[in-house]
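Step one of this worksheet: look at the structure below.
The values are calculated or read from the model by the stated rules, or taken from the named source; none is laboratory data. What you are looking at is a predicted structure, and each value in this text was computed from that prediction instead of being measured. Here the Cβ positions follow ideal geometry from the backbone for every residue, glycine too, while neighbour counts run over all protein chains shown. Calculation scope for accessible area: heavy atoms of the full protein, side chains included, ligands and nucleic acids excluded. Shrake-Rupley method; radii C 1.70, N 1.55, O 1.52, S 1.80 Å.
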Amino acid sequence: MTQSRVVLFEQSGGPEVLKIVMQQVGAPGPGQVRVRHHTCGLNYIDIYQRSGVYPLPLPHVLGMEGAGVVEALGEGVTHLAVGDRVAYASAPPGAYCDARVMAAAQVCRLPDSIDFRTGAAMMLQGLTTHYLFERTVPLKAGDTVLFHAAAGGVGLIACQWARTKGIRLIGTAGTDEKCALALAHGASEVINYEREDFVARVRDLTDGRGVGVVMDSIGAATFERSLDSLRPLGMMISFGNASGKVPPFDLGILGAKGSLQLTRPTLFTHIADYATCQAMASDLFAMVESGKVAIRIGQEFALEDVAEAHRQMEARSTTGSSVLIC
Ligand code: NDP
């Protein structure tokens, strides 16, 4: 038994609902592991869960990502050992804490060359980038993708992943500074969608044809215009709702706009299987160790400053990845 600070919330609401309390952490059961965190990852999904967009049973501890050291192993866990350096992205939430007991299947051994901060910053956003580019729609060198929020956590990893694969990524972002950051990380072209009509700009950049794939994590504010940026038979990957959920819509719109395809994926389906999760993490670690993808940590916060971290994320004032230091 050990003690841990945890970030708990008892009701949905703004950042002020987040409270730090002490909890007992017990021994891991079969298939579980106890991890002592060095760093926890911050992700936009944490905001949806805190605010009630994705409701959780309450009270609940937030957080779906962390890096640290294995403290204890439950029965049947063979891929880890006590003392291993590890990192993970995993459901259900519970990662904003010093130590936790959790399922071992999604916990991955962290290569020695990757520090804990980077480990905690890269798992959820990096594995998301992996499934978007490698497992959702066939993409090859020369293909063109429109990617919104290209200077965010997933965004900067996506820019680099696309560059490595020879994919032309047209990135959008909310300020000129963010656009410059996305460009520096490998976006081929950038559009400031706060002051430019991104549909018109995409048409200009693609000789009027539109892109083959849109990766849209903004949701309500961009959904329809993202569909308008696609060429006939194009694929809309709607994977987030930073501006609010996409309202219900008439499926016939997909036909009218050119036999479009639409998917609404989530990382947790892709990593549910142990072997698949570990293989995806190996690919991601290789990308980072090769230097093809660098994880940019734009913001670091102490665990007790978690509410301020949420405020900054919601205010769109962060770039790259954000972490909590335990
Ligand atoms: P980001 O660091 O990208 O932060 C979100 C960004 O969205 C903001 O910085 C902002 O960039 C943009 N944005 C546009 N409109 C709004 C708005 N109204 N309010 C707030 N932000 C807005 O977050 P993450 O990298 O953690 O995640 C990116 C997106 O991907 C999120 O929507 C997240 O939920 C989603 N996601 C989905 C997963 C899945 O499997 N389905 C897994 C991981 C992430 P700008 O100012 O440039 O517009």
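The Arg135 and Thr164 beta-carbon pair, evaluated with R₀ = 22 Å, returns a calculated FRET efficiency of approximately 0.85.
Which number do you get for Rg(Cα) / (2.2 N^0.38 Å) in the chain? With N residues counted in the chain, Rg over 2.2 N^0.38 Å equals 0.99. Of interest is the spacing of the C-alpha centroids, which for the stretch 150-227 and the stretch 118-146 amounts to 14 Å. Toward the positive end of the charge dipole of the chain, with +1 on the Cβ of Lys and Arg and -1 on the Cβ of Asp and Glu, the farthest Cα among Met22, Gln49, Phe268 is that of Phe268. Partner aspartates and glutamates whose Cα lies under 15 Å from the Cα of Lys19, excluding those fewer than 8 positions away in the same chain, are identified as Glu10, Asp46, Asp98, Glu304, Asp305, Glu308.
Ordered by solvent-accessible area of protein heavy atoms (1.4 Å probe), largest first, the residues Leu56, Leu62, Leu251 come out as Leu251, Leu56, Leu62. For a label point 7 Å from the Cα of Leu56 along Cα→C-beta, name the residues of the stretch 87-104 whose backbone N is under 12 Å from it. Hits in the stretch 87-104 for Leu56 at 12 Å: 90-97.
Reachable lysines from Lys165, Cα under 21 Å, same-chain residues fewer than 8 places away excluded? List returned: Lys140, Lys292. Ordering Ala120, Val107, Phe133 by Cα displacement along the dipole of the stretch 14-171 toward the positive end leaves Phe133 in first place; charges were set at the Cβ atoms of Lys, Arg (+1) and Asp, Glu (-1). The length gained by stretching the chain between Glu304 and Lys245 to full extension, at 0.36 nm per residue less their Cα-Cα distance, is 18.3 nm. Just the protein heavy atoms count here, and of the accessible area of the chain at 1.4 Å, carbon and sulfur take up 52 percent. If you plug the beta carbon distance of Gln23 and Leu233 into 1/(1 + (r/R0)^6) with R0 = 41 Å, you get a FRET efficiency near 0.20. Taking the alpha carbon gyration tensor of the stretch 137-264, multiplying each eigenvalue by 5 and rooting it gives semi-axes of 21, 16, 13 Å, largest first.
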